[in-house]
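The values are calculated or read from the model by the stated rules, or taken from the named source; none is laboratory data. These numbers were taken from a predicted model, which means no experiment stands behind them. Cβ placement follows ideal geometry from the backbone for every residue including glycine, while neighbour counts extend to all protein chains displayed.
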Amino acid sequence: MKLALVGAGHAHLAVIAQTARLRAAGLDPFLIGPATFDYSGLASGVLSGALPPASARIDVAALCQSHDLTHLVGEVTSVDRRGRRLTLDGGSVHAFDVVSFNIGSEVADPGGIDREGVWPVKPLASLWGLRAALEGMFAAAAPTPAVVVVGDGPTGSEIAAALTGLHERHGRAANLTLVGPDANARWAPGTAGRALTRNLDRRGILRIAGEAGAHRHGRLDLSDGRTLACDHLVLATGLQAPALTRTLEVQVDTLGRILVGPSLSSVGDDRVFAVGDCASIVGSPRPFAGVFGVRAAEVLIHNLCALGTDVPLRSYRPQSRWLSILDLGDGTGLGLWGGLWWRGRSALALKRRLDLRFVARHRV
């Protein structure tokens, strides 16, 4: 039974390590994905200059080789679900009996991501490019550029803080504006939002409640008629599933995520599995967050193996509370757990320990 693993996200990294277990269950697995994987948990640390990009990178090719798993470096461009065939960007076609998708998410395009000076928060390589561009300007003693982060949720706030930290490490005062519908971090529990906004305000970040409109070289128009100086525009405007999910002719939610049951198989096709940001469990909605892919991995592995045996399937129920820690780029973190929160160096130290441990676990 040929098993196609599409994508090298959090869950599939764990699946790779269980290649022998999959084969023992009668599956013939192969992976289609990139040669490397950038771990999102360390993205803000890299962007702030506290960590090198290599610290967040996992060598997927080496990991596959160490477990004797066939790895096709590329991207799936189309899927013939009924004919059980995948087409890659290079034109090759590959048959499968079972397929599992762990392809993450992408920034919802408000109309023009592929423009000079526009940096979406995903893929993470975009953020590495922004850091390199800013550091190049710092090294050349160029004037401090105007940076606008659009999106005032947890990601946008963390990115704004990390970019400010990058400026601070180079002895620069950031010229940075955070734009969003509210810009007051009301999404945070209790008084955590006020603690966060005080930190941003103290470091000179301008917060503006508004909606971004047209972007042109050096300027960003807001919907209310205001115009902001903008040399670099960072898009943290919300995530959606990659366009590939909408081509499968299976049920998806409003964000394009494949609807799956507790077994992680697609509603209507029990030979199509999906996990992580590209999937949504019916009856258990949850936000985009890598923690769910990590937690679902063991259930995915069990249920894939069960296809070739008489073992009953297991159910995955996402936890109702999970730990989230924002790296504020100044040596401190903001930890969130349900309605609880704390800010300080201990929060960042815990985040680093957890994230670096995850990366180390998947390195050869």
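Residue-wise test of (1) in the same structural domain as ARG172 (by TED's automatic domain parsing); (2) within 19 Å of the chain's Cα centre (by Cα); (3) among the aliphatic types (A, V, I, L, M); (4) modelled with pLDDT of 95 or more.
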{"position": "ASN199", "(1), (2), (3), (4)": "yes, no, no, yes"}
{"position": "GLY225", "(1), (2), (3), (4)": "yes, no, no, no"}
{"position": "ASP253", "(1), (2), (3), (4)": "no, yes, no, no"}
{"position": "ASP269", "(1), (2), (3), (4)": "no, no, no, no"}
{"position": "PRO287", "(1), (2), (3), (4)": "no, yes, no, no"}
{"position": "VAL299", "(1), (2), (3), (4)": "no, no, yes, no"}
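Here is the figure for segment 164-184: residues that are farther than 23 Å from LEU124 by Cα and either out of contact with any strand residue (DSSP E or B) (no Cβ under 9 Å at 6 or more places or on another chain) or in a helix (DSSP H, G or I) (or both) total 3. In segment 325-341, what count of residues is obtained for those that are modelled with pLDDT of 95 or more and not in a strand (DSSP E or B)? Of the residues in segment 325-341, 5 are modelled with pLDDT of 95 or more and not in a strand (DSSP E or B).
With respect to ALA141, determine if the residue is of a type in the set (Gly, Ala, Ser), surrounded by fewer than 20 Cβ atoms within 10 Å (Cβ to Cβ) and either more than 25 Å from the chain's Cα centre (by Cα) or closer than 17 Å to ALA236 by Cα (or both). So ALA141 fits the description; yes. The condition of being among the basic types (Lys, Arg), farther than 30 Å from ARG202 by Cα and in contact (Cβ under 8 Å) with a residue 60 or more places away in the chain holds for only one of ARG314, ARG271, that being ARG271. For segment 94-115, the condition of being in contact with a helix residue (DSSP H, G or I) (Cβ under 9 Å, 6 or more places away or on another chain) and without any contact (Cβ under 8 Å) to a residue 60 or more places away in the chain holds for none of the residues. When we screen ARG246, ARG257, ARG202, ARG186 for residues that are at negative phi, surrounded by fewer than 15 Cβ atoms within 10 Å (Cβ to Cβ) and touching a helix residue (DSSP H, G or I) at 6+ places or on another chain (Cβ under 8 Å), the only hit is ARG186.
Of the residues LEU88, LEU22, LEU27, which single one is touching a Pro at 6+ places or on another chain (Cβ under 7 Å), assigned by TED's automatic domain parsing to the domain that holds GLY256 and not aromatic (Phe, Trp, Tyr)?
On the way: LEU88 fails: touching a Pro at 6+ places or on another chain (Cβ under 7 Å); LEU27 fails: touching a Pro at 6+ places or on another chain (Cβ under 7 Å).
Only one candidate qualifies: LEU22.
Residue count for segment 317-331, restricted to those that are of a type in the set (Ser, Thr, Tyr) and touching a residue at least 40 places away in the same chain (Cβ under 8 Å): 1.
Take the residues in segment 227-240 that are buried (at least 19 other Cβ atoms within 10 Å of the Cβ) and at pLDDT below 90; name whichever of them is nearest to the chain's Cα centre (by Cα). Step by step, filter segment 227-240, then rank; the result is LEU239.
Could you tell me which of the residues ALA54, ALA20 is assigned to a helix (DSSP H, G or I), touching a residue at least 40 places away in the same chain (Cβ under 8 Å) and surrounded by fewer than 16 Cβ atoms within 10 Å (Cβ to Cβ)? Walk me through it before giving the result.
Details: ALA54 fails: touching a residue at least 40 places away in the same chain (Cβ under 8 Å).
ALA20 is the lone residue from the list that is assigned to a helix (DSSP H, G or I), touching a residue at least 40 places away in the same chain (Cβ under 8 Å) and surrounded by fewer than 16 Cβ atoms within 10 Å (Cβ to Cβ).
Identify all residues within segment 81-113 that are surrounded by 14 or more Cβ atoms within 10 Å (Cβ to Cβ), at pLDDT 95 or above and over 19 Å from LEU304 (Cβ atoms); write none if there are none. Within segment 81-113, ARG85, THR87, LEU88 meet the criteria. Taken together, the residues in segment 23-37 that are surrounded by fewer than 22 Cβ atoms within 10 Å (Cβ to Cβ) and within 12 Å of ARG363 (Cα to Cα) amount to 1.
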